[in-house]
Amino acid sequence: MTRYGTAASVLLILLGVYAALMFIASFAGFAGDGPMVPTAVVALLTWGGFIVLTLHGLRRALAVRGGEANRFDATVFWTKALPLIGAFWSIVTAFAFGFGAFASCGPVWLSGLYHWGGLVGSMLCFGAWFAAPFIARETAGEAGQRVELPGWGRLAIIGTAVYGLWGVVWLVAWMMLRGSIEAGAYPTAANSPYPDGERSWIVQGNNSSFNHQGDEEFAWDFRRQCGTPVLAARGGTVLNVEHGFEGNGKGKHNNFVTVQHDDGTVAKYLHIKTGSAKVEEGDTVKQGDPLAEVGNVGNSLTGHIHFVVEKGGDSIPVTFRDVDEDRGIPRTFERYASAE
């Protein structure tokens, strides 16, 4: 009995630590705006409630560890129920909370923690749910009680349904956003429009089936935390500056800076933060000079810079010296660091 109480206590403590990680991390959401704040509130309530339930179950497990056999059934119930509840909330966290944190300005790591932490957490919770009855079986036999064991088939069905759907969601997103690239059409070109040594995630690449079409065919979306600097990919003369618009969504006006290069091409940096422009029309800038700050303004879902180079009003293919792989062409869902 004592051995089972110890094992059950350890299992519930691990669940509590996982929930506490999600709970504490959610406070970072208050540094964001838009959907990130209500998402953080709901996440705090969700994982805070789960922590309370876990402590409730832990009290019974500790009682069994202390020799109170009358708490055995309650402990078996909570060690089966809590992992299943944890798995459910992990999936909600990965999809709903992950998207809410993504579709905002704020700490860029929070959406990743929600999504990938929820993925790993759900796997561990399903594993704990499956293992808990086996842990209790030996003690139940000693006490003349019976514990129902889950079948492998049930676990296989649940795993296939949940993680198969997960894979489908990512596959559909990748197919919509990846675009098609004819590598031979790309020349060598300038540096990436983000700071030295920092990494950016490519949310959407060239010629995607989502909205990088037509005159935006060769555009990229570099996901960055709002408020971080946007640097000139090449030197040139500032043509236009617009940083007075606010809000994001379909039909909203974009904030932007455009820079004309010596060869007549024009680089556009869209969705900059309201009031963040560091340059004025007619200014001369060098490669690496700050132009503005990353924002989420206009036809935008999350904090990022929409970067495109045009000639004669049409977007043209360019490559980046900082991108060592893929022939200098940033690819969707990959991360790249700026070196200069």
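Assorted remarks:
- Which listed residue, of Thr228, Thr237, is closer than 25 Å to Ala103 by Cβ, of a type in the set (S, T, N, Q) and modelled with pLDDT of 85 or more: Thr228
- Any chance Arg154 is modelled with pLDDT of 70 or more, open to solvent by 60 Å² or more (accessible area, probe 1.4 Å) and touching a His at 6+ places or on another chain (Cβ under 8 Å): no
- The residue list Leu301, Leu270 contains one member that is aliphatic (A, V, I, L, M), within 18 Å of Gln204 (Cβ to Cβ) and open to solvent by 70 Å² or more (accessible area, probe 1.4 Å), which is Leu301.
- In segment 240-254, the qualifying residues are those that are assigned to a strand (DSSP E or B) and modelled with pLDDT of 95 or more, and the one that is surrounded by the most Cβ atoms within 10 Å (Cβ to Cβ) is Val241.
- The set of residues from segment 3-23 being of a type outside the set (A, V, I, L, M) and under 30 Å from the mean Cα position of the chain (by Cα) comprises Gly16, Tyr18, Phe23.
- Scanning segment 43-68 for residues that are among the hydrophobic types (A, V, I, L, M, F, W, C), open to solvent by 70 Å² or more (accessible area, probe 1.4 Å) and either within 22 Å of Gly112 (Cα to Cα) or without any contact (Cβ under 8 Å) to a residue 40 or more places away in the chain (or both) gives Leu45, Val52, Leu55.
- Looking only at residues of segment 255-264 that are open to solvent by 30 Å² or more (accessible area, probe 1.4 Å) and modelled with pLDDT of 95 or more, we find that the one that is nearest to the chain's Cα centre (by Cα) is Phe256.
- A single member of Gly197, Gly179, Gly214, Gly205 is open to solvent by 40 Å² or more (accessible area, probe 1.4 Å), at pLDDT below 85 and within 24 Å of Arg321 (Cβ to Cβ), and it is Gly197.
- Applying a threshold of 8 Å to beta carbon distances and a minimum spacing of six or more residues, or different chains, the list of pairs starting in segment 146-159 at a residue that is more than 12 Å from Phe126 (Cβ to Cβ) and ending at one that is surrounded by 10 or more Cβ atoms within 10 Å (Cβ to Cβ) and modelled with pLDDT under 70 reads Arg146/Ala140; Val147/Ala140.
- Criterion violated by Gly227 - all others in (1) of a type outside the set (A, V, I, L, M, F, W, C); (2) in contact (Cβ under 8 Å) with a residue 40 or more places away in the chain; (3) in a loop (DSSP other than H, G, I, E, B); (4) open to solvent by 40 Å² or more (accessible area, probe 1.4 Å) satisfied: (4)
- Test: residue in segment 273-283 that is outside any loop (DSSP other than H, G, I, E, B) and open to solvent by 30 Å² or more (accessible area, probe 1.4 Å): no
- Filtered residues of segment 1-47 (kept if closer than 28 Å to Asn70 by Cα and not aliphatic (A, V, I, L, M)): Thr2, Arg3, Tyr4, Gly5, Thr6, Ser9, Gly16
- Among the conditions (1) modelled with pLDDT of 95 or more; (2) open to solvent by 70 Å² or more (accessible area, probe 1.4 Å), the only one that Arg335 does not satisfy is (1).
- Subset tally (residues that are more than 14 Å from Ile181 (Cβ to Cβ), out of contact with any Phe, Trp or Tyr (no Cβ under 6 Å at 6 or more places or on another chain) and in contact (Cβ under 8 Å) with a residue 40 or more places away in the chain) for segment 309-340: 11
The values are calculated or read from the model by the stated rules, or taken from the named source; none is laboratory data. All of these numbers come straight from a predicted model, not from anything done at the bench. When we count neighbours, we look across all protein chains shown, and the Cβ atoms used for this are built from the backbone with ideal geometry, even at glycine. SASA here: full protein model, heavy atoms, side chains in, ligands and nucleic acids out. Shrake-Rupley method; radii C 1.70, N 1.55, O 1.52, S 1.80 Å.
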